[in-house]
Structure formats: structure tokens, C-alpha cells
Amino acid sequence: MSAMEVGLEVLVSAVTQLSSPGPLEQCLQSATDFSLDLLGADHASVRLCDEQAQLRSVARSGLGKHAPVPKFCRGQGIMGWAVQERRPVRVSYSPDDERFVPTPNRGFDVRSVMSVPLLCGDRVLGVFSVSAAHSGAFSEEHERAAVLLAHAIGQAVRCAELERIATTDALTRCYNHGYLLPSLRTEMNRAKRQGKPLSVLLMDLDHFKRVNDQHGHVVGDLVLRRFADAVRDTVRSLSLIHI
């Protein structure tokens, strides 16, 4: 099997994984794992844009994946440039590129860099980026493969976003009745079949009406959102990435 055939097989596997049902974190992690062999990279990452235009890391593979995550925002660094300009960028020797931002304690060398924005219509969802320790690591063929992979990553992120919109409350980001009640029935049936216990916790905010009456519904909404965030931070999260 030729190198091109191997690369195509890896790309097909990556795209298939991204289009399969499953937690978004696992799909994105698989994509960055696949991209190391596909593109000959030392490090790969997926970052999503948040409401403050920060590029939040959600998946990392290769060298330095356990090191502290450098902070980047839209327009900052090579990956931030790709997001700002909405087009791929391929750099053969990053220290000579004025867009490159050296990061202390990065944990690995960066010479070659390639970043591709994750696009959805007029929106930029984030950026897929790879790097290598030697110069000239990425070719035009690598860039074409990275663009295809980034497109599949963007579709996976958008599908997860649409699912979140359909199943959660816009204010609190808690599951709505349309999702929660069928899921509760499923869990109850599973617990019954497996003979395992099932716990359901109900919580109520005392005197919440008084908050709305005295401070207005804007403050009441803020209290609900903070309460939901506190609960979310306390319990274990299995599969949800907030976009």
C-alpha cells in the first residue's frame, strides 16, 4: 500500500469517526489523534471560539498534550490569524513569521505550523491546528487533507451545537422536559433490567419569587443561571461540551 493510500485510509477513518454518534469530546480527540499520522505532525489541537473570542482548547494530541494550554484569542498567533481571516495558513518556519507567538513552557518545539478555521456558513466555530518540530513539514497535499478533516470537525461541532439547542434550556443550559423525561424513563428501565439502584435528586430554590419581585426578572434569570452553573460544577459531566 502506497503512502497516499495509507493517508486516504486514515482520512476516511477520521471522517467516519467524526460522523458517528458519540460524545463530541471523543470525536474531536479521535480527530487530533488521527491527524498526527495523517499529516506527519508532532502536535495537533482543536480549539473552539467562545463568546469572548477566546480560542478554548477542547482536544490535544501528540507532544505537549499534558502541558499547560497556551491562551490564544481571535487574531492572535498563527491559529488566531486563520480564525480572523477565515482561511487556512501553512507556515514552513514559524520563527520567521511575524504572526507567530512564542509561548514559554510550551513543552515541544514548533517550526512548521498549519491552521485551518472550522467554518459553518458565516460563522467561525474554531480552528484545527497542527505543528512539527522541523521546517517545511507540511505540503500542499497535507493542507488539502487538513481542510477536509477540518470540514468534518466543523460538521461534528455544529451537530453537537444543534443537539444542545434542541435538548437544553437557553437560559440555564439544563436539559429541557423534551429530553429529560424520555431519558429518565430510559434510565429507570435500564436500572430495572440490570437490578441496579437509581437516584433522582430534586432541588428547589426557596423564596425565589421574592428575588423576582424585589430585584426584577433580569436578576432572577442571573440567579437561575448561577445556580445551574454551581450544580453543573459539582456533579460529574460525562459527555457535554458547552459551545
Would you call ALA170 out of contact with any Phe, Trp or Tyr (no Cβ under 7 Å at 6 or more places or on another chain), among the small types (Gly, Ala, Ser) and open to solvent by less than 50 Å² (accessible area, probe 1.4 Å)? no
Inside the stretch 128-147, can you point out the residues that are buried (at least 18 other Cβ atoms within 10 Å of the Cβ) and in a loop (DSSP other than H, G, I, E, B)? ALA137, PHE138
Given the conditions (1) touching a helix residue (DSSP H, G or I) at 6+ places or on another chain (Cβ under 7 Å); (2) of a type outside the set (Val, Ile, Thr); (3) modelled with pLDDT of 80 or more; (4) closer than 26 Å to LEU224 by Cα, every one holds for TYR179 apart from (3)
Single match in LEU36, LEU55 (criterion: closer than 17 Å to ARG144 by Cα and open to solvent by less than 50 Å² (accessible area, probe 1.4 Å)): LEU36
Among (1) part of a loop (DSSP other than H, G, I, E, B); (2) over 20 Å from GLU143 (Cα atoms); (3) open to solvent by 50 Å² or more (accessible area, probe 1.4 Å); (4) at pLDDT 85 or above - the single one GLY75 does not satisfy: (3)
Please work out if ARG86 is among the charged types (D, E, K, R) and either out of contact with any helix residue (DSSP H, G or I) (no Cβ under 9 Å at 6 or more places or on another chain) or at positive phi (or both). yes
Flagged in the stretch 94-117 as part of a loop (DSSP other than H, G, I, E, B) and open to solvent by 90 Å² or more (accessible area, probe 1.4 Å), in numbering order, are GLU98, PRO102, PRO104, ASN105, ASP109
Pick out the one residue from ALA150, ALA166, ALA156 that is in contact with a Pro (Cβ under 9 Å, 6 or more places away or on another chain) and either in contact (Cβ under 8 Å) with a residue 60 or more places away in the chain or not in a strand (DSSP E or B) (or both). ALA150
GLU140 is checked against (1) over 30 Å from ARG60 (Cα atoms); (2) over 25 Å from the mean Cα position of the chain (by Cα); (3) not polar (S, T, N, Q) and fails just one. What number does that condition carry? (1)
So, of the residues in the stretch 183-211 that are over 20 Å from VAL231 (Cβ atoms) and either touching a His at 6+ places or on another chain (Cβ under 6 Å) or among the polar types (S, T, N, Q) (or both), which turns out to be most open to solvent (accessible area, probe 1.4 Å)? GLN194
Any chance the stretch 78-91 includes a residue that's in contact with a strand residue (DSSP E or B) (Cβ under 7 Å, 6 or more places away or on another chain), open to solvent by 60 Å² or more (accessible area, probe 1.4 Å) and in contact (Cβ under 8 Å) with a residue 40 or more places away in the chain? yes
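The values are calculated or read from the model by the stated rules, or taken from the named source; none is laboratory data. What you see is a predicted model, and the numbers here were worked out from it, not measured in a lab. Using ideal geometry, Cβ is built from the backbone for each residue, glycine included, and neighbour counts are taken over all protein chains shown. Areas reflect the complete protein model, heavy atoms only, side chains present, ligands, DNA and RNA absent. Shrake-Rupley method; radii C 1.70, N 1.55, O 1.52, S 1.80 Å.
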